[in-house]
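What follows is calculated from the coordinates using simple rules that are stated; it is not laboratory data. Everything numeric in this text was worked out from a predicted model, so none of it was measured. Heads up, the Cβs are rebuilt from the backbone with ideal geometry, glycines too, and the neighbour counts pull from every protein chain shown.
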Amino acid sequence: MLKTVQQSLNEFRDHVISEAKRNAPKSLGNLQNSIKGYVKESPNSIQVSFEMSEYGWYQNEGVRGANPSNVSPNAKIKGQQAPNSRFKFGSGSKRGTWGTFVNSIETWAKRRNIRFRDAKGKYAKGNYKSLAYVIARNIYSRGIKPSLFFTKPFEAAFKRLPDTLVEKYGLEAEELFTQILNENFKK
């Protein structure tokens, strides 16, 4: 039995959502719950839309660092983490302050009991706020590496769409993905 266009679109949406939720960084619990998708067939067109919390798009595509040369020479991870990302720390295009960024890193470090250690591995002096400042400065300088937790399932599901549907509506994966991303950043 042949599938209808709406059935194919529903399967596409469901596959992308389930795989993206499975691949999403586990430390961001509310991110998984925020992933949603909408598909609709109309007589001469189709609508495909996905949404998630703003931070999810940054995790997926990565964020360019403001200045990788500011990273400590002792850091294990060096260099630009997302050189091709449209997002960049310090660009001023998105809301958020340095203080809220440091506070969120501090909360994360407390939850995971991450603390300063000396060369022998024993706990060293320094509170969570100072640790958060060091980590936040490093992330801000070098950026966030892309996880592609949403992009990979999207591309895999797109390849599984029936050729007749792709041809009828002139769909291209990259254009569709860019359109979805742009819809989420119109704000």
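Below is a table of values for the structure above.
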{"quantity": "Positive-end extreme of charge dipole, the chain - chosen from Asn84, Asn30, Val5 (charges on Cβ)", "calculated": "Asn30"}
{"quantity": "As computed over segment 1-64, the Cα convex hull volume per residue (Å³)", "calculated": "101 Å³"}
{"quantity": "Set of segment 132-159 residues, backbone N closer than 20 Å to the point 7 Å along the Cα-Cβ line of Lys110", "calculated": "132-137"}
{"quantity": "Label point distance in nm, Asn70-Gln47, each placed 7 Å from Cα along Cα→Cβ", "calculated": "4.2 nm"}
{"quantity": "Mean Cβ count within 10 Å, highest first, over the residues of peptides 119-127, 154-162, 142-150, 42-50", "calculated": "142-150, 154-162, 42-50, 119-127"}
{"quantity": "Inter-centroid distance (Cα atoms) of segment 85-142 relative to segment 31-51, Å", "calculated": "35 Å"}
{"quantity": "Value at 222 nm in deg cm²/dmol, rounded to 500, when DSSP H runs of n ≥ 4 in the chain each add -39,500 (n - 2.57)", "calculated": "-15000 deg cm²/dmol"}
{"quantity": "Out-of-range pairs (alpha-carbon distance over 29 Å; input Lys36/Lys145; Lys40/Lys152; Lys40/Lys145; Lys21/Lys110)", "calculated": "Lys40/Lys145"}
{"quantity": "Charge dipole magnitude, Cβ of K and R +1, D and E -1 - segment 66-144, Cα centre, debye nearest 20", "calculated": "220 debye"}
{"quantity": "Shape category assigned to segment 66-144 from the gyration tensor of Cα positions, a/c cut at 1.5", "calculated": "oblate"}
{"quantity": "For the chain: span of alpha carbons on each principal axis (Å, largest first)", "calculated": "67, 28, 26"}
{"quantity": "Cβ-Cβ FRET estimate between Lys88 and Arg22, R0 fixed at 35 Å, reported to 0.05", "calculated": "0.75"}
